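Taking it in order: structure first as structure tokens, then the write-up.
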Amino acid sequence: MSAESILPLALAEVGFSAGGTRILDGITVRFEAGPVSVILGSNGAGKSVLLRLCHGLLAPTAGRIAWHGGFAGDPRRRQAMVFQRPVMLRRSALANVVYGLALAGHARADRSAHARRMLERVGLLALAERPARLLSGGEQQRLALARAWALKPEVLFLDEPTANLDPSAARMVEEIVGAIAREGTKVIMTTHDLGQAKRLADEILFLHRGRLIERASKDAFFAGPSAPEAAAFLRGDLSWD
Amino acid sequence: MGGDLGQAASTAIQMIVGADWRLWSVVFLSLKVSLAATVLATAIGLPLGALIALKSFPGRNLVTVILNACMGLPPVVVGLLVYLLLSRAGPLGPLGLLFTPGAMIVAQTLLVLPIVAAVTRQIIADAWGEYREQLTSLGAGPMQAAATLIYDCRFSLVTAVLAGFGRAAAEVGAVLVVGGNIDGVTRVMTTSIALETSKGDLPQALGLGIVLMALVLAINGIALALRSAGARQGA
Ligand SMILES: Nc1ncnc2c1ncn2[C@@H]1O[C@H](COP(=O)(O)OP(=O)(O)OP(=O)(O)O)[C@@H](O)[C@H]1O
Ligand SMILES: [Mg+2]
């Protein structure tokens, strides 16, 4: 992309250790603008830690993470993250979106109207005045997406956006994620749900015990991954279907 | 004895219902002093507690331990310290505050401050554990994070403030030492109860005791109501 983009995001030999254990090791990868990148891997593989490192919430203990060099400014302002367990502020759904806009320096006069448009896009306009903490899990997840999407981020990190949601709530979230990606935001997400990965991903990154052992287009990955651990992961999951 | 108590109680109730001027001026001064002390302690203790919770600095654990310990400061000792500060020979002697309501406000502020600051620190630290990554991700700086947490914890924090007010209204040692229990000037409910009891004027003492108890009950009622209002709003 052009000089004003923060992408690509480049990780070089990135490692992360805590309390004497190596959680991530030797991760070298480039995230380009465009394709939806889905990170797969079993519990504890290091998916959430990887997203936190990319988003700047954790500092790598080895290697380097760099946004596009030509970008002048704070890359933090151009990215957003929706956490595995999003934190809702103790105020209305609308006020949660307005809060994000205020921190991002969005023009005060337009905050409320913009927040309402975002709530409408995720199907929550009718619940705008409800206390956010009293919303259902699926509604809170959609609210978290609206709060992040409202910032028009260039990159959006999503950590298991549909964990603990029923299938219909998960579908709604997937539709929103699809719309976010279509409007030009680079989506980097994790999931356990292989069906979801098939529906949303353009490319798959497979993490195994803190190492990135496979990266392939979605079709290539699901046709048959080259890493045996990835193949075992696919088989293991399918055997539950 | 039982007759004494019964007679004292009925006289006390007559005094309360009959709006006895002497009784109500004492109640009014009590409220004024304790409310002023609570407002001051809150103005200092809320930001102070939030600061200690959010900013890491060397010796933070020690500060926290000291703060927590100060919640149990004996009022008489605080009174003595303020007395030494405000006495004519003391460093703040020239202010001429000793044996005025001002001195009592200063002493009670020092009593309430550790409660408000320590409870605020605990509440904000717990919330920060939950909010830290989300607020950092949204780009909140330290001041914005502090303001957000204080606002989001408002219902729990009000409880801390009310607890502080309850402590101020119920203590006798500090206000006695720095105020001197001067009739019509620095006499408040607790000092008055102590004095009237020792003089044997049980109706006056009991009347004030009933008002004080009602006040404490009301504070706890308000705290509970606020908490459940907060819970209803998901706060
Ligand atoms: N801040 C941290 N300090 C120490 N250890 C951590 C930290 N964060 C995560 N870990 C550990 O690192 C490992 C990887 O955690 P991570 O949350 O990234 O896994 P994950 O792939 O997201 O798993 P899941 O699918 O269950 O969400 C786990 O063993 C976890 O206990
Ligand atoms: Mg995870």
### Task
Using the Cα centre as the reference, give the magnitude of the dipole from point charges on the C-beta atoms of chain B (Lys, Arg: +1; Asp, Glu: -1; all else neutral), rounded to the nearest 20 debye.
420
### Message
Please list 3J(HN,Hα) in residue order for the stretch B:126-139, calculated via the Karplus relation 6.51 cos²θ - 1.76 cosθ + 1.60 where θ = phi - 60°; whole Hz, with x for glycine and proline.
### Response
4, 5, 4, x, 7, 8, 3, 5, 4, 5, 4, 4, 7, x
### Message
As an exercise, find the ratio Rg/Rh for the stretch B:170-235 from alpha-carbon atoms, using the Kirkwood inverse-distance average for Rh.
### Response
1.20
### Task
Taking only the C-alpha atoms, wrap a convex hull around the stretch B:2-234 and report its volume per residue in Å³ as a whole number.
148
#### Entry: J(HN,Hα) series, the stretch B:105-118, from Karplus relation 6.51 cos²θ - 1.76 cosθ + 1.60, nearest Hz, glycine and proline x
5, 4, 5, 6, 4, 5, 6, 7, 3, x, 5, 5, 5, 5
### Task
Sort A:107-117, B:42-52 for me by packing, meaning the mean count of neighbouring Cβ atoms within 10 Å per residue, highest on top.
B:42-52, A:107-117
### Message
How big is chain A along each principal axis, measuring the range of its Cα positions in Å and listing the largest first?
### Response
53, 46, 37
### Message
Can you compute the charge dipole magnitude of the protein assembly as shown about its Cα centre, using +1 on each Lys and Arg Cβ and -1 on each Asp and Glu Cβ, nothing else charged? Give it in debye, rounded to the nearest 20.
### Response
600
### Query
Between chains B and A, what is the buried accessible area summed over both chains (1.4 Å probe, protein heavy atoms, nearest 100 Å²)?
1900
### Table column - 3J(HN,Hα) (Hz), the stretch A:140-157, Karplus curve with 6.51, -1.76, 1.60, x for Gly and Pro
5, 5, 5, 5, 4, 5, 4, 4, 6, 5, 4, 7, 6, x, 7, 10, 10, 9
#### Entry: Gain in span if fully extended, A:Ala232 to A:Arg64, counting 0.36 nm per residue against the direct Cα distance
57.4 nm
### Message
No solvent, one uniform scatterer per C-alpha: report log10 I(q)/I(0) for the stretch A:11-60 via the Debye equation at q = 0.13, 0.16, 0.22 1/Å, two decimals.
### Response
-0.31, -0.47, -0.88
#### Entry: In the stretch A:94-157, the GluC sites (Glu not before Pro) that fall in loop regions by DSSP, at most 10 other Cβ within 10 Å
A:Glu129
### Task
Take peptide B:222-234, look around each residue's Cβ out to 10 angstrom, count Cβ atoms belonging to other protein chains, and average those counts.
2
### Query
How much of the accessible area of the stretch B:2-234, probe 1.4 Å, is carbon plus sulfur, in whole percent?
72
### Query
About its Cα centre, how strong a charge dipole does chain A have in debye, to the nearest 20, once Lys and Arg get +1 and Asp and Glu get -1 at the Cβ?
800
### Message
Positive end of the dipole of the stretch B:2-234, charges at C-beta (+1 Lys, Arg; -1 Asp, Glu), about the Cα centre: which of B:Val177, B:Ser198, B:Leu23 has its Cα farthest in that direction?
### Response
B:Val177
### Task
Could you work out, residue by residue across B:134-146, how many beta carbons of other chains sit within 10 Å of that residue's beta carbon, and then give the average as an integer?
5
### Query
Within 10 Å of each Cβ of A:80-91, how many other protein chain Cβ atoms are there on average?
5
#### Entry: Two-decimal Rg/Rh across the stretch B:75-204, once Rg and the Kirkwood Rh are taken from alpha-carbon atoms
1.17
### Task
For the protein assembly as shown, restrict the atom set to alpha-carbon positions and state the Rg and Dmax in Å.
30.6, 96
### Task
Over every pair of different alpha-carbon atoms in the stretch B:105-180, take the mean of 1/r and invert it; report that Kirkwood radius in Å.
14.0
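The values are calculated or read from the model by the stated rules, or taken from the named source; none is laboratory data. Treat the numbers as computed from the prediction; the structure is a model and nothing was measured. No Cβ is skipped: glycine too gets one built from the backbone with ideal geometry, and neighbour counts run over all protein chains shown. With ligands, DNA and RNA removed, areas are computed over all heavy atoms of the protein, side chains included. Shrake-Rupley method; radii C 1.70, N 1.55, O 1.52, S 1.80 Å.
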